[in-house]
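Right, one structure below, let's go through it.
The values are calculated or read from the model by the stated rules, or taken from the named source; none is laboratory data. Fair warning: this is a prediction, and the values are worked out from it, not measured in the lab. In this analysis, Cβ positions are derived from the backbone assuming ideal geometry, glycine residues included, and neighbour counts consider all displayed protein chains. Surface areas here come from the heavy atoms of the whole protein model, side chains and all, with no ligands, DNA or RNA. Shrake-Rupley method; radii C 1.70, N 1.55, O 1.52, S 1.80 Å.
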Amino acid sequence: MAGSTLASPSAEPVPAAAGRPVALSPGRETWRRFRRHRLAMVSAVVLGLLILGVVVGPWIWAVPINEIDFSAQLQGPSWAHPLGTDDLGQDLLARMMYGGRISLAVGLAAMVVATLVGVVVGALAGMSRRGLDPFLMWLTDLFLSLPQLPLLLLVIYLFREQLKAVFGVEGGVFILIVVVIGGLRWMPVARLVRAQFFSLREKEFVEAARAQGATKTRQMVVHILPNAIGPVIVAATIEVSSAIIAESTLSFLGLGFPPDIPTWGRLLFDAKDHLDVAPHWALFPGAAIFLTVLSINFIGDGLRDALDPRRVI
């Protein structure tokens, strides 16, 4: 028929909303923005490989971490020992994979402690309109003014033996380090959450919930906290790297895990007297700490940009 147009079988169907931008869910939009941060994506791959290595690696490289071979002591990287050996001939690759589990576990657990305490303190201060907020901020400033490293050393000296007797050597030291590091790192999170709550509690959607009879707890948990969680996630990534550095510092000072538990910091401590003849002993655990902390920091930067709707990516 004249004037009619027939679509060919090979023509692609035109979507109903052609020419209009497709609305993405908040999660997919955050992922799209995060993927465009190249350093964050590369860092996520590097961190994933490190985690995969320390979790799966011991099943593949099944060398005992305490196997002593004096004929192979202080050897450099080779096919038999890809990362070399220490002064007792122990395989550094096996020891690094074992110690990496502990270092990463300490970082993650301390981050959880610091974030939970910080969120609770910051939320209570942000919802308070009377005397609780000044008291909590005074407490936060008090903890911020404390010298962290001397306090860490003091608490470890006072309570290490008691916790070892209750939870065992490895479990007691792990709990002590996680609680002490997390208990001294919650203040930045508390300040951040408090500022977010001050900004959000006067928004229209919170006023509407308040007018409908929502309790303060419901306002805090259901309406305000989900909208403040983005900056908290970014701060939590920074806490992981800070906790790993703090644990490595304690182990390097000889106050962390016992000598037979080869955390990355402990390996650095053991290698300090052999830097002239076996630099690989310090190089590889130092590089692992450096790459882990750097990757987490770049991932935090990517999350900060992805969760900030005002930033164009």
Checklist entry - GLU239 fails exactly one of the following numbered conditions: (1) closer than 30 Å to GLN90 by Cα; (2) of a type outside the set (Gly, Ala, Ser); (3) touching a residue at least 60 places away in the same chain (Cβ under 8 Å). What is the number of that condition? => result (1)
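Against the definition (on the phi > 0 side of the Ramachandran plot, outside any helix (DSSP H, G or I) and either open to solvent by less than 70 Å² (accessible area, probe 1.4 Å) or at pLDDT below 85 (or both)), how does LEU83 come out, yes or no?
Numbers: on the phi > 0 side of the Ramachandran plot: no; outside any helix (DSSP H, G or I): yes; either open to solvent by less than 70 Å² (accessible area, probe 1.4 Å) or at pLDDT below 85 (or both): yes.
Spelling it out, it is not the case that LEU83 is on the phi > 0 side of the Ramachandran plot, outside any helix (DSSP H, G or I) and either open to solvent by less than 70 Å² (accessible area, probe 1.4 Å) or at pLDDT below 85 (or both).
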Checklist outcome for this item: PHE252 meets each of (1) open to solvent by 50 Å² or more (accessible area, probe 1.4 Å); (2) touching a residue at least 40 places away in the same chain (Cβ under 8 Å); (3) not β-branched (Val, Ile, Thr) with one exception, condition (2)
Next on the checklist: Just to check your reading of the model, which residue among ASP270, ASP305, ASP276 is acidic (Asp, Glu) and under 23 Å from GLU161 (Cβ atoms)?
Outcome noted: ASP270
Checklist entry - So which residues in region 164-204 are basic (Lys, Arg) and either surrounded by 22 or more Cβ atoms within 10 Å (Cβ to Cβ) or in a helix (DSSP H, G or I) (or both), if there are any at all? => result LYS164, ARG185, ARG191, ARG194
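Pick out, from region 212-313, the helices (runs of 4 or more DSSP H) lying fully within it that include 1 or more residues that are more than 19 Å from THR85 (Cα to Cα) and of a type outside the set (S, T, N, Q).
Details: elements: 225-252, 264-271, 279-307.
Qualifying helices (runs of 4 or more DSSP H): 225-252, 279-307.
If you take the residues in region 144-158 that are in a helix (DSSP H, G or I) and modelled with pLDDT of 80 or more, which one is nearest to the chain's Cα centre (by Cα)?
Kept after step one, since they are in a helix (DSSP H, G or I), are these residues of region 144-158: 144-145, 148-158.
Subset that is modelled with pLDDT of 80 or more: 144-145, 150-151, 154-155, 158.
On the way: LEU144: 21, SER145: 24, PRO150: 23, LEU151: 22, LEU154: 25, VAL155: 23, LEU158: 27 Å.
Among residues in region 144-158 that are in a helix (DSSP H, G or I) and modelled with pLDDT of 80 or more, the one nearest to the chain's Cα centre (by Cα) is LEU144.
Against the definition (exposed (fewer than 15 other Cβ atoms within 10 Å of the Cβ), modelled with pLDDT of 80 or more and charged (D, E, K, R)), how does ASP133 come out, yes or no?
Details: exposed (fewer than 15 other Cβ atoms within 10 Å of the Cβ): no; modelled with pLDDT of 80 or more: yes; charged (D, E, K, R): yes.
Taking the combined requirement at face value, the residue does not satisfy it.
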Item to check | Members of region 40-71 that are part of a helix (DSSP H, G or I), surrounded by fewer than 18 Cβ atoms within 10 Å (Cβ to Cβ) and either free of Cβ contacts under 8 Å to residues at least 40 places away in the same chain or polar (S, T, N, Q) (or both) | outcome: VAL45, GLY48, LEU49, LEU52, VAL56, TRP59, ILE60, PHE70, SER71
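Can you confirm whether ARG95 is under 19 Å from TRP264 (Cα atoms) and open to solvent by 80 Å² or more (accessible area, probe 1.4 Å)? Show your work before the answer.
Working: under 19 Å from TRP264 (Cα atoms): yes; open to solvent by 80 Å² or more (accessible area, probe 1.4 Å): no.
No: the conditions fail for ARG95.
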Checklist entry - Just a yes or no: is a residue in region 289-309 surrounded by fewer than 22 Cβ atoms within 10 Å (Cβ to Cβ), among the acidic types (Asp, Glu), under 26 Å from VAL113 (Cβ atoms) and in contact (Cβ under 8 Å) with a residue 40 or more places away in the chain? => result yes
Item to check | Set ASP270, ASP260: member being open to solvent by 30 Å² or more (accessible area, probe 1.4 Å), modelled with pLDDT under 80 and either farther than 30 Å from LEU124 by Cα or in contact with a Phe, Trp or Tyr (Cβ under 7 Å, 6 or more places away or on another chain) (or both) | outcome: ASP260
Checklist entry - For region 140-163, does any single residue satisfy the condition of being touching a Phe, Trp or Tyr at 6+ places or on another chain (Cβ under 6 Å) and either over 26 Å from GLU29 (Cβ atoms) or open to solvent by 40 Å² or more (accessible area, probe 1.4 Å) (or both)? => result no
Checklist outcome for this item: ALA208: passes all of (1) in contact (Cβ under 8 Å) with a residue 12 or more places away in the chain; (2) open to solvent by less than 60 Å² (accessible area, probe 1.4 Å) but (1)
